[in-house]
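Taking it in order: structure first as structure tokens, then the write-up.
Please treat every number below as a calculation from the coordinates, not as lab data. Please read these numbers as outputs of a predicted model, since none were measured by experiment. Cβ: placed from backbone, ideal geometry, glycine included. Neighbour counts: every protein chain shown.
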């Protein structure tokens, strides 16, 4: 089985990459943040070689207040992928794709009220549209990195470059001027690492055989 797995960030992909190192049946690709980056890279990869299935993965912000951190949720129209994901402990849900990071609990609550989506992300809708057009089975598989009821420590939208990547020197300067942010950012980093491990375990299980 040839599986193409997309992540927006290397931090999202790292744990899974370590688990599946050396497997010739998988191709892992980091697209960068946002729909435009995801669509551009996905087109290149799908033209390079047609996979038998595609997974678009990474972190997601919780919108459904019942979702806890590290919950793995998925959305797919393919019954075989659905069966595998349910068997691996992932739960079905609905995603909403945005062009910016949802920073505050208030923003998340408003988006949940408008859309009814369970989680928010920034890339998968573009990748799924490309796969549907090519009749390639595809699933969005994401892990909740921040829940509906919590604010992120900083507004990462304000610290991003035009290509939506985080401007790290700007972030460091911003935090050094506000040392109270260091602890919550370290806690967020620890949680996202744990979330990436949880996602990796599910992805490893569903891509076996």
DSSP bridge orientation in the chain - percent antiparallel, rounded to nearest 5 = 25 percent
Based on the alpha-carbon gyration tensor of the stretch 1-67 and its eigenvalue square roots a ≥ b ≥ c, which shape applies: rounded if a/c is under 1.5, prolate if not and a/b is larger than b/c, or oblate?
-> oblate
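Kindly state, to the nearest 0.05, the FRET efficiency for residue 106 paired with residue 11, given R0 = 41 Å and r defined as their beta-carbon distance. All intermediate terms of the calculation are to be shown ahead of the outcome.
Numbers: r = 26 Å, r/R0 = 0.64.
Plugging the Cβ-Cβ distance into 1/(1 + (r/R0)^6) gives 0.95.
For 84, 198, 177, 23, what ranking results if the residue with the fewest other Cβ atoms within 10 Å of its Cβ goes first? Could you put the intermediate results ahead of the total?
Values: 84 21, 198 18, 177 8, 23 13.
Final ranking by Cβ density, sparse to dense: 177, 23, 198, 84.
Report D for the chain in µm² per second (integer): Stokes-Einstein, Kirkwood Rh on Cα pairs, 25 °C, 0.890 mPa s.
Calculated translational D: 141 µm²/s.
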What distance in nm separates the simple spin-label points at residue 91 and residue 181, each placed 7 Å from Cα in the Cβ direction?
-> 3.2 nm
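Is the shape of the stretch 143-184 best called rounded, prolate or oblate, per the rule: a/c under 1.5 gives rounded, else a/b larger than b/c gives prolate, else oblate, with a ≥ b ≥ c the square roots of the Cα gyration tensor eigenvalues?
It is oblate, given that a/c is not under 1.5 and a/b is not larger than b/c.
At 222 nm, what value in deg cm²/dmol follows for the chain if DSSP H runs of at least 4 each add -39500 (n - 2.57) and the sum is divided by all its residues, to the nearest 500?
Numbers: 7 runs with 88 residues, N = 209.
It comes out at -13000 deg cm²/dmol, rounded to the nearest 500.
Quick one: length gained pulling residue 133 to residue 43 fully straight, 0.36 nm per residue minus the C-alpha distance? Write out the running numbers ahead of the final one.
Details: separation 90, 0.36 × 90 = 32.40 nm, distance 1.14 nm.
Here the segment from residue 133 to residue 43 would lengthen by 31.3 nm.
How much length would be gained if the chain were fully extended between residue 163 and residue 36, taking 0.36 nm per residue of separation minus their Cα-Cα distance, in nm to one decimal? Don't jump to the answer; show the numbers that get you there.
On the way: separation 127, 0.36 × 127 = 45.72 nm, distance 0.89 nm.
Once the chain is fully extended between residue 163 and residue 36, it gains 44.8 nm.
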